[in-house]
Amino acid sequence: MISIDVTGVNPLLEGQEIIAARTALAIAAAAEAIAENARGRLNPGGNLADNILVETGDTETLVRAQTPYAVYVEFGTSRMEARPFLTPAIEDLRGRLGEILP
């Protein structure tokens with residue numbers, strides 16, 4: 001019978017867990033910054049601004065506007081000019097991620 005003894009695996013696995021935890025924190029921080037920036041582009045205290053939420057799951061983090069008309073405000077309609085709030089928030093923060101991330 002052949003036996004193989006592997007040492008040093010536990011620190012490697014611990015390192016992966018640390019990286020995963022830091023990545024999750026960084027993603028959550030970026031999502032919160034995007035949501036806050038988007039809220040700031042809308043009427044303060046308005047229904048749309050109050051319903052921009054960050055939802056964190058096991059494998060994804062979403063910045064979501066929880067109103068049925070958010071898409072019409074963001075992209076406009078044939079009768080209403082677009083008043084983007086989420087896309088500019090993402091673009092604004094794209095170049096500043098290093099300042100935001102922990």
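Worth pointing out:
- Residue match in region 77-87 (condition: assigned to a helix (DSSP H, G or I) and either touching a residue at least 24 places away in the same chain (Cβ under 8 Å) or surrounded by 14 or more Cβ atoms within 10 Å (Cβ to Cβ) (or both)): yes
- Residue 42 being in contact (Cβ under 8 Å) with a residue 40 or more places away in the chain, part of a helix (DSSP H, G or I) and not small (Gly, Ala, Ser): no
- A count restricted to region 88-102 and to residues that are surrounded by fewer than 11 Cβ atoms within 10 Å (Cβ to Cβ) and either part of a helix (DSSP H, G or I) or modelled with pLDDT of 90 or more (or both) stands at 3.
- For region 11-23, the count of residues that are outside any helix (DSSP H, G or I) and either under 30 Å from residue 82 (Cβ atoms) or within 12 Å of the chain's Cα centre (by Cα) (or both) is zero.
- One residue stands out in region 64-76 among those that are part of a helix (DSSP H, G or I) and among the aliphatic types (A, V, I, L, M): the one that is surrounded by the fewest Cβ atoms within 10 Å (Cβ to Cβ), namely 71.
The values are calculated or read from the model by the stated rules, or taken from the named source; none is laboratory data. Everything numeric in this text was worked out from a predicted model, so none of it was measured. Because the Cβ atoms are built from the backbone with ideal geometry, glycine has one as well, and the counts that use them run over all protein chains shown.
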